[in-house]
Each structure stands twice: as C-alpha cells, then as structure tokens.
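The values are calculated or read from the model by the stated rules, or taken from the named source; none is laboratory data. Here the structure is a predicted model, which is why all the values come from computation and not from measurement. Neighbour counts run over all protein chains shown; Cβ positions are idealised from the backbone, glycine included. Surface accessibility is based on the protein's heavy atoms, side chains included, excluding ligands, DNA and RNA. Shrake-Rupley method; radii C 1.70, N 1.55, O 1.52, S 1.80 Å.
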Amino acid sequence: MILDDRVLDVRGATVRYAPGRPAVDGADLRLTCGRVTALLGPSGSGKSSLLRAIAGLEKLDGGEIRFENRIWSGPGRHLAPEQRRCGVVFQDYALFPHLSALDNTAFGLRGGQRAERRARALARLEAMELGARAHAFPHQLSGGEQQRVALARALAPDPDVMLLDEPFSGLDRRLRGDLRETTARALRDSDAATLLVTHDAEEALALADTIALMSQGRIIQTGAPDAVYLRPASLTAARLLGEVEAFEARVTGAAASTPLGEAPASGFEEGARVCVLARPEAIRIRRADAEGALAQIAARRPGSGQQRLVCTLEDGRAVSVRTALTAPHRPGDAVRLSLDPDNIHVIPAEAG
Ligand code: ADP
Ligand code: MG
C-alpha cells in the first residue's frame, strides 16, 4: 500500500572528477520509501559516485538531488552528509573494532535515555538475527555477522534513505544467499528508500523491487526486475542482466527472420532494421528429427539445477541454450533449435 509518495529524486546528476566524460553523466533516478531499488552496472560505470553524491560525500557538478521537498544537492546548495538522514553500508563493514555489536549499533542513535537507545539497538540486532551476539566484538564475528551489524547500525536511526554499496561482495556465495534474505526483509520492514549498488545481476533480480541499469555514467533503463530482464530497451541493457542472443534482422510482414526462425515483430515498419533478443531459456532445443535450425552441441556447462549448452549452427554461429540439468543432450549431438515466441523481445537495431 502506498500512503504517499515519499521519494528521493535525482535529476540530471553529474559528478566530474577530471576533464572529459563525467563519472556520473546526467543520471535520473527516483527512490521510493519502503522500496528497494538496485543500481546495476559494470565496474567503473559510476554507481559508487552516484551513491556517494546521494550521501553527500561528493558534490554535484550539475543536476539536483532532493528528498521530498528539500533540496539535498543542487546549484549552490550542498547539505552536509549528517543532515541527510542517510544510512550507508559499504562492502568493508567499517565497524568500530573497540565497540561491541550492540555499541556499534547504538552509536548513531540520538535522544532519549541510554537504556532506551540500547533497547532500540538490540531490537535492530534481533531483527538481523544477531540478538545472541550483541556483546561480541567485531573480531569475534564472522564476515557475514559483521555485515549484519553494519546493516543494523545503518538502520537503527530509522533513516529516510538507505544506501548500500556492494554490501555482499566480500562474502562467499552461500553466505551471500542467506544474508540477502535477511537484508531484504530488514530493508522492506524499514520505511527507507533503499538504493542497493551491485554489479551482480542475480542479486539485483533477487532483491530489488525496481532495477536501474547504469552504463557509462547514465541510467539507461529503469523498471521492475521481470520487465528489464524480458524487455530490455537496448542490447547494452540486455547484456547487463545476463546472457542474451541478439539476431539482426529486417522486418517483413510483421515478422523478423532469424537463423532460429521467425520472430513476431508487429509495431515495426516494413523493412525496419531490428534486433531480436532471446535469453538462453527462450531457445528451444529438440531432437534432430524435429523442426528448427540444425545445430551441433559443442560444449555442455553444468550449473546448479541447470546446464548451459553451447550449440553451433550450420553457419558456424554459436548459440547458448539453457536446459534442465537432467536433459539428455551431450556434446557432439545434432539437435534442432527454435525460438519460444512468447519469450523473445524485438528492439530497433539502433538501440543496440
Ligand atoms: P563503479 O562504482 O560503478 O565501479 P565509480 O563511481 O567508482 O564506478 O567510478 C566511475 C569512474 O570515476 C571511474 O572511471 C573511476 O575511475 C572514476 N573515479 C571514481 N572515484 C574517483 C575519484 N575519487 N577521483 C577520480 N576519479 C574517480
Ligand atoms: Mg563501486
């Protein structure tokens, strides 16, 4: 339920460290309270610079950041970080080594009696399933526990905006999975507008209500996880979210012809150049006596529950297909490939 639209609005934000292309180049972003937005992009695309600008750790060289009706950054205006009611969590936890988990969590709390502040801090730790570790010092805690304390500390003062910069990157895979769930719950329970910076598409898809894609300092697409995964606005956006096959084609009779068959392309002009995008799970694989484009399996890469098959078409082009791990296909087998028309997406060729 949306009661009102408490939002953090970033418009045309520009951060420049040196002459040439700015690190953040006119970025637009809107964060809504009670929701998690993932900022996904490759290393060097400007994610941390944008997060730091929101936190007040970098000044803007153009554009504006405002929360509700208050300008945080803008022409001639820059609120100090401590005036922004932002909670920030970095990859390296940054806990105070000489303070217990509880004292670390209570550190940023103001007002009321000390006992009251400690009770609030303890409640935050309990929400992160760390109540039993409240009196441990950072060196007695595992990496995952330290990161949970860092989250509890950032959430304790009930910030308006929560900023997390690759908070799980330092942890091993299994721990990351567990911590993601706890973190997602804590962030949704809080009323903060959350920005989660990550270069991991799987993490963004699993955790976020909204995904914003960043490339070369710009936000190139924003939307619900399913929408950006299945209907990317460009080839760059498509690749940020995972593997994708892209087939260039020209539209004839509201369809685009690809080596794997026809793709419906209504809404494009006759003769328009388009790019047909297919995720590996949108490519069907069948036995050689079925219909479809003939291909040979060149390699098989097993994963957890799924496998990726690299297939070579007759013209030598390699195409990646994802199937159940139990599927019978093996390298060397001849197979037929075709497109699942419900799961492909056609974009103008220029957008690539
Ligand atoms: P990301 O977090 O997506 O990896 P960053 O925001 O850290 O990207 O960096 C974006 C660009 O800005 C990079 O080219 C990086 O080298 C540059 N950059 C980042 N911080 C600074 C800084 N303090 N001084 C100069 N250049 C910087
Ligand atoms: Mg970064």
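Which value, in Å², gives the accessible area per residue of the chain when a 1.4 Å probe is used on the protein heavy atoms?
Details: 16880 Å² over 352 residues.
For the chain, the solvent-accessible area averages 48 Å² per residue.
Relative to the Cα centre, what is the charge dipole magnitude of the stretch 1-96, using +1 at the beta carbon of each Lys and Arg, -1 at the beta carbon of each Asp and Glu, and rounding to the nearest 20 debye?
Values: 14 positive and 11 negative charges, 15 e Å.
Using only the charged Cβ atoms, the result is roughly 80 debye.
Considering the dipole of the stretch 213-319 built from charges on the beta carbon (Lys and Arg +1, Asp and Glu -1) around the Cα centre, which of Thr312, Ala254, Ala288 is farthest to its positive end?
Toward the positive end, the furthest listed residue is Thr312.
With the calculation restricted to Cα positions, what are the radius of gyration and Dmax of the stretch 121-225 in angstrom?
Using the Cα atoms of the stretch 121-225, the pair Rg, Dmax is 14.4, 45 Å.
Per-residue HN-Hα couplings for the stretch 297-304, Karplus 6.51 cos²θ - 1.76 cosθ + 1.60 at θ = phi - 60°, whole Hz, x for Gly and Pro?
Each residue's phi maps through the Karplus curve to give 6, 9, 7, 10, 10, x, x, 7 Hz.
How do Arg77, Arg287 stack up against each other in accessible area, from largest to smallest, with a 1.4 angstrom probe? Could you put the intermediate results ahead of the total?
Details: Arg77 110, Arg287 165 Å².
Correct descending sequence by accessible area is Arg287, Arg77.
How much accessible surface does His135 have with a 1.4 Å probe, in Å² rounded to 10?
Its heavy atoms expose roughly 130 Å² to the probe.
Name the residue from Pro22, Gly34, Gly12 whose Cα lies farthest towards the positive end of the charge dipole of the stretch 1-42, charges +1 on Cβ of Lys and Arg and -1 on Cβ of Asp and Glu.
In the stretch 1-42, that residue is Pro22.
In sequence order, what are the phi-derived ³J(HN,Hα) couplings for the stretch 267-272 according to the Karplus relation 6.51 cos²θ - 1.76 cosθ + 1.60 with θ = phi - 60°, rounded to whole Hz, with x for glycine and proline?
x, 10, 6, 4, x, 5
Can you sort Asp209, Asp191, Asp342 by solvent-accessible area, 1.4 Å probe, largest first? Walk me through the numbers on the way to the answer.
Values: Asp209 40, Asp191 90, Asp342 135 Å².
Result, largest first: Asp342, Asp191, Asp209.
At a probe size of 1.4 Å, how large is the accessible area of His199, to the nearest 10 Å²?
Its heavy atoms expose roughly 110 Å² to the probe.
Could you give the radius of gyration (one decimal) and Dmax (whole number) of the Cα atoms in the chain, in Å?
So, for the chain, Rg and Dmax equal 23.9, 77 Å respectively.
Let a ≥ b ≥ c be the square roots of the eigenvalues of the Cα gyration tensor of the stretch 14-89; is it rounded (a/c under 1.5), or, if not, prolate (a/b larger than b/c) or oblate? Working shown, then result.
Numbers: a/c = 1.72, a/b = 1.16, b/c = 1.48.
The shape class here is oblate.
Let me know the charge dipole size of the chain about its Cα centre in debye, to the nearest 20, where only the beta-carbon of Lys, Arg (+1) and Asp, Glu (-1) is charged. It would help to have the intermediate numbers written out before the result.
On the way: 45 positive and 45 negative charges, 182 e Å.
Computed about the Cα centre, the dipole is about 880 debye.
With unit charges on the beta carbon (Lys/Arg positive, Asp/Glu negative), name the residue among Leu109, Phe90, Asn69 whose Cα is farthest towards the positive pole of the charge dipole of the stretch 1-127.
Positive-most Cα among the choices belongs to Leu109.
Calculate the tail of P(r) for the stretch 260-318: the fraction of all Cα-Cα distances greater than 13 Å, expressed in %. Spell out each step's value before the answer.
Values: 1234 of 1711 pairs.
Summing the P(r) of the stretch 260-318 above 13 Å gives 72 percent of all pairs.
Give the span of the stretch 1-139's Cα atoms along each principal axis, as three whole-Å numbers ordered largest to smallest.
Largest to smallest, the principal-axis extents are 50, 37, 29 Å.
Along Cα→Cβ, 7 Å out, is where each label goes; now give me the distance between the ones at Arg273 and Arg85 in nm to one decimal.
5.1 nm
Roughly how many percent of the accessible protein surface of the chain is carbon and sulfur, given a 1.4 Å probe and a whole-percent answer? Don't skip to the end; give the middle numbers.
Details: 8030 of 16880 Å².
Carbon-and-sulfur percentage of accessible area, whole number: 48.
Sorted by average packing, counted as other Cβ atoms within 10 angstrom per residue and highest first, what order do 144-154, 302-312, 161-171 take?
Descending mean neighbour count gives 144-154, 161-171, 302-312.
At 1.4 Å probe size, put Tyr17, Tyr93 in order of accessible surface, largest to smallest.
Working: Tyr17 135, Tyr93 45 Å².
Accessible-area ranking of Tyr17, Tyr93, largest first: Tyr17, Tyr93.
Counting helices only, and only those DSSP H runs with n ≥ 4, report the 222 nm mean residue ellipticity of the chain as the sum of -39,500 (n - 2.57) divided by its residues, in deg cm²/dmol to the nearest 500. Write out the running numbers ahead of the final one.
Details: 8 runs with 78 residues, N = 352.
Calculated at 222 nm, the ellipticity per residue is -6500 deg cm²/dmol.
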